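Q: I have a structure here, written as structure tokens, and I will follow up with some questions on it.
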Amino acid sequence: MTRDHGPSPRRDPSRCGPRRVGEPVTGVSRARGLAPLRRVCLILVRLCAALLALAVLTGTGMAWSAKNEVESGFTHSTALGQDAPRSRGGAVNILLIGLDTRKDLDGNDLPPEVLAALHAGDGSQGGYNANSLILLHIPADRDRVVAFSIPRDNYVRVTGIPGYQQIKIKEAYGLKKAAVHARLLEQGETDPVVLERRGREAGRASVVAAVRDLVGVPIDRFAEISLAGFYDLATAIGGVDVCLNNPVDDSEYSGAVFPAGPQHLDGAQALAFVRQRHGLFHGDLDRTHRQQAFLTAVAAKLRESGTLTDLSKLSSLMTTAHQDIVLSDGWNPFDFARELGAAGTLPVEFRTLPVLRYDVIDGQDVNIIDPAAIRHEVRTAFGLESPDPAHSTDESADVTSESADTETSATPLPAGAPSTDTESATPLPDAGAPVTTVPGDTIPCVD
């Protein structure tokens, strides 16, 4: 025998979802129309859930697809070496290599219209000098960035480059590439693409090792960017804002012709801005300040546009970079950019490696330096403990690469090299005090 509990509570068929506490119960007389409406509610709920799941899955798929496309599009290099020292505790040291070449990664001349925009001559000029070398340090807590510009004319000791013991650090790339190219030709290699790529890989390893031994800290990642890359990067983000203390007219060389004060530069103008050295009081050292200002301007533009946190914009920027940038093996630029974007605006402290004096060696202008002082300054700026003074080398100075092709060492200059005393008729280089900038706050004015 069943008990009669009375009419079952019913929801108003005009609503979907559970009944709220205290909501009046409708009469039985409306029950006949309930079943179809309940099915409609159920279908709507399921449809919404399906659409939400589809959105999540599609978004995840798009992110994965974009990330995979970005990663696979870059040329990667093993020039760091598997046994090279690495930073500890989550800090990252990144070497930016600005390569002064008018050729693409296969050794072909850049298109005439690109060369014209670059105002940098034809493919026979420039060689393979690493004219821009900047070492970035990002601490584990991601609260700031420390950037050291390495003047290209710093005179360093090298090994592994036939016929050379001391060179300007910018030459470590091109001279090693030329040596490997010649050796491969002797071995019977004739494929120009193979010659170019293997030569440039040796050049990367050479300049990375030279910088690592000079500064005395590990290099965890590096990025090589060509002249065309500077142009394409500035163009892709819509140009950059810079400020000059004085008007400049370097139309004969870099093509830099700008008034004093703040101004907006397009891609070609931005390249001329970072390339100018003629007409500047300290030449290349003043040019390092231009490069620092360019990086600040790029960071500000990326922040203002939200590129680092916008999947579509970031993917588009990375795609533009594929043809001009070489990355160290294992570096995931997509995740790295997203991580920096999530960290917010980071202050950047710009420094320039100290120079003792200028000199002329074998007809070339060079910077005479003190490697020990440089290592101390870099380690102090990065917040690292100084190496044991009982040892003549630090944790990275005694590291050699896997083969003689990539071995480079920045040991003290031999007897007979120019002295390191600071007396000189030429005014001493002014690297300037460290300058801290916050991208987007102000535009730093430079010479």
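Taken together, the values in this text are just the output of simple stated rules run on the coordinates, not laboratory data. Everything numeric here is computed off the predicted structure, so don't read it as measured data. Because the Cβ atoms are built from the backbone with ideal geometry, glycine has one as well, and the counts that use them run over all protein chains shown.
Q: Considering amide H positions built from the backbone, and no H for Pro or chain starts, which residues 5 or more places from residue 170, or on another chain, come under 5 Å of its amide H?
A: Hits under the 5 Å cutoff: 154.
Q: Highest first, please rank the peptides 376-385, 231-240, 152-161 by the mean number of other Cβ atoms sitting within 10 Å of their residues. Please list the in-between numbers first.
A: Details: 376-385: 15.4, 231-240: 20.3, 152-161: 21.9.
Ranking the peptides 376-385, 231-240, 152-161 by packing returns 152-161, 231-240, 376-385.
Q: Right, here's the next one. Subtract the Cα-Cα distance of residue 166 and residue 266 from 0.36 nm times their separation in residues, and report this length gain in nm to one decimal.
A: Numbers: separation 100, 0.36 × 100 = 36.00 nm, distance 3.83 nm.
The span from residue 166 to residue 266 would gain 32.2 nm if fully extended.
Q: Which whole-Hz ³J(HN,Hα) couplings does region 90-105 yield from phi under the Karplus relation 6.51 cos²θ - 1.76 cosθ + 1.60, θ = phi - 60°, glycine and proline marked x?
A: Karplus-based 3J(HN,Hα) across region 90-105 equals x, 6, 9, 10, 10, 9, 9, 10, x, 9, 8, 10, 9, 10, 8, 5 Hz.
Q: Right, something else. Obtain the nm distance between the two label points defined at residue 78 and residue 193 by a simple spin-label model: each point lies 7 Å from its Cα along the Cα-to-C-beta direction.
A: 1.9
Q: Compute the Cα gyration tensor for region 237-310, then decide on rounded, prolate or oblate, letting a ≥ b ≥ c be the square roots of its eigenvalues: rounded whenever a/c is under 1.5, prolate when a/b is larger than b/c in the other cases, and oblate in all that remain.
A: Working: a/c = 2.29, a/b = 1.98, b/c = 1.15.
Note, shape of region 237-310 comes out prolate.
Q: Send over the per residue convex hull volume for region 156-251, Cα only, as a whole number of Å³. Working shown, then result.
A: Numbers: hull volume 18.8 nm³, N = 96.
Spread over its residues, the Cα hull of region 156-251 gives 195 Å³ apiece.
Q: While we're here: Roughly what would the spin-label model give for residue 310 and residue 185, points 7 Å off Cα along C-beta, in nm?
A: Distance between label points: 4.9 nm.
Q: Do any chymotrypsin sites (Phe, Trp or Tyr not before Pro) in region 236-332 lie in a loop, going by DSSP, with at most 13 other beta-carbon atoms within 10 Å of their beta carbon, and if so which? Let's see the in-between values first.
A: Working: sites: 253, 273, 281, 294, 331; in loops: 253, 281, 331.
The qualifying sites are 281.
Q: Given R₀ = 30 Å, what would the calculated FRET efficiency be for residue 339 paired with residue 445, taking r from the Cβ atoms and rounding to 0.05? Please report the intermediate quantities before stating the final value.
A: On the way: r = 31 Å, r/R0 = 1.03.
Efficiency at R0 = 30 Å is approximately 0.45.
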